[in-house]
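The values are calculated or read from the model by the stated rules, or taken from the named source; none is laboratory data. Everything numeric here is computed off the predicted structure, so don't read it as measured data. Cβ sites come from the backbone with ideal geometry, for glycine too, and all protein chains shown count toward neighbours.
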Amino acid sequence: MLKQLRKRFVLITMLLVGVVLLALTLVNCFSNYQEQMGRLERTLNAGLRAPLNNLLQIPDFDEKVFGENDHDKGNLTDRFGSLSVVVNEDNEIVSYDNTFIELGADDIAKVATKAISSGHAHGSIKSYDLLYKVQELDSGYIISFADYSVAHKNVTKNILFNIFIFIMGMAIFLLISIWLSGYAMRPVKRAWDQQHQFIADASHELKTPLTAILANNNILLSHADSTVEEQKKWIENSQAEAKHMKELVNNMLFLAKSDGEEVKILFSEVSLTDLVTDSSLQFEPVAFERGIVMETDITEGISMQGDTTQLRQLIHILLDNACKYADEKGRVDVRLYEHNNAIKLEVANTGKPIPPEDLPHIFERFYRSDKARTQHNQAGGYGLGLAIAHSIVTKHKGTINATSSSASGTKFTVTFKHKN
């Protein structure tokens, strides 16, 4: 699927670029064609304006026809040849002016006859590569001819050059689009891999409680004559596994809604001081049972704009995580303070540190750093708590990071940069 998506990306990019390049090519070719035809038209008009009694002397002919940019005495081949012919009412040539056109007297007579006999005021004589204009006089005609072979060559050269530029441009943009498609597909590939991993991990996590529930039910069914009291152990196990599975599903649903921007944040003035204090009091019995010392340093009067429910959930996740992974008779420190117009919440615990290679991944879904923290501690959860915490902090435009070492333990720091 990713390969097909990348091919579509390249195809769409090339189609868009191709349309733009083709449009530019056509505009350039048409503009060049119009320019050449305009020069030919000016040449024909200049021939018609030539003096009838002295056609061989036209001192301003070059400037009138070509203009300053086209006037190049060193390169006569770039100019259009011209021929002005005056014939009387009997179609006999009175005089002519031949400039840059290699035609003899017989050929001049032929082209003049063809132009007059055509009956059109303007046209072309393809056998001589000439355009003509005929203007009727009181006693004959004046015919202006222009050699369009140079203009034809110029147009052809321009078309071939633009075709070359078009092909080269398409080839270059093809290489660029292939490279860009690979670069653009990186986050898509990462999201695709994460989705597959998420599905695999979710299936595995759901499989465990379901297996336990089915096993307990099989035991209950095999002792159908036993009383509820006698089967209480298996019923309680099933109940506990069902609660765990419900918690997992709820967490997965929260993250899915968060990804889809479906989690609505109800902003209001929230006292972080009260939230952190209340949450710390709730976890003190948990810490006491494990022999963990919980110390708090909570600054009074700290508040912010946020969602009370989600911020409470964030604090619970961090405190629950610290109590789970603190070593027995260890320590959990909770600190809330202001620094540089920012609010900081720090939750630290002693215990086995998170390996450096695992730190960049701890906010990923279902990531539990098993080999470092969970395998030796059966209190490990499903690996969604920190992912939810990261999502909540992000929704509140804050940041969360973690540091861990054997000397100082593990510390999570949440920063809300802009105090409201």
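General remarks:
- Pairs with Cβ under 6 Å, 6+ apart, first in segment 3-26 and within 24 Å of Asn158 (Cβ to Cβ), second polar (S, T, N, Q) and at pLDDT 90 or above: Thr25/Asn162
- Taking segment 318-351 as the range and being small (Gly, Ala, Ser) and surrounded by 17 or more Cβ atoms within 10 Å (Cβ to Cβ) as the test, the residues that pass are Ala322, Ala326, Gly330, Ala348, Gly351.
- Of all residue pairs spaced 6 or more apart or on separate chains, those with beta-carbon atoms under 7 Å, a first member in segment 40-51 that is under 14 Å from Asp147 (Cβ atoms) and a second member that is of a type in the set (D, E, K, R) and at pLDDT 90 or above are Leu44/Lys133.
- One residue stands out among those in segment 286-305 that are at pLDDT below 90 and surrounded by 12 or more Cβ atoms within 10 Å (Cβ to Cβ): the one that is farthest from the chain's Cα centre (by Cα), which is Arg290.
- Residue count for segment 74-94, restricted to those that are at pLDDT 85 or above and within 27 Å of Glu35 (Cβ to Cβ): 5
- Looking only at residues in segment 229-252 that are touching a helix residue (DSSP H, G or I) at 6+ places or on another chain (Cβ under 7 Å) and hydrophobic (A, V, I, L, M, F, W, C), the one that is surrounded by the fewest Cβ atoms within 10 Å (Cβ to Cβ) is Ala242.
- Residue match in segment 173-193 (condition: closer than 28 Å to Met37 by Cβ, under 39 Å from the mean Cα position of the chain (by Cα) and not hydrophobic (A, V, I, L, M, F, W, C)): no
- Flag for Phe164 being of a type outside the set (Gly, Ala, Ser) and either touching a helix residue (DSSP H, G or I) at 6+ places or on another chain (Cβ under 6 Å) or surrounded by fewer than 16 Cβ atoms within 10 Å (Cβ to Cβ) (or both): yes
- Segment 129-147, residues that are surrounded by fewer than 20 Cβ atoms within 10 Å (Cβ to Cβ) and under 24 Å from Gln36 (Cβ atoms): Asp129, Gln135
- Any chance Lys411 is modelled with pLDDT of 90 or more and not acidic (Asp, Glu): yes
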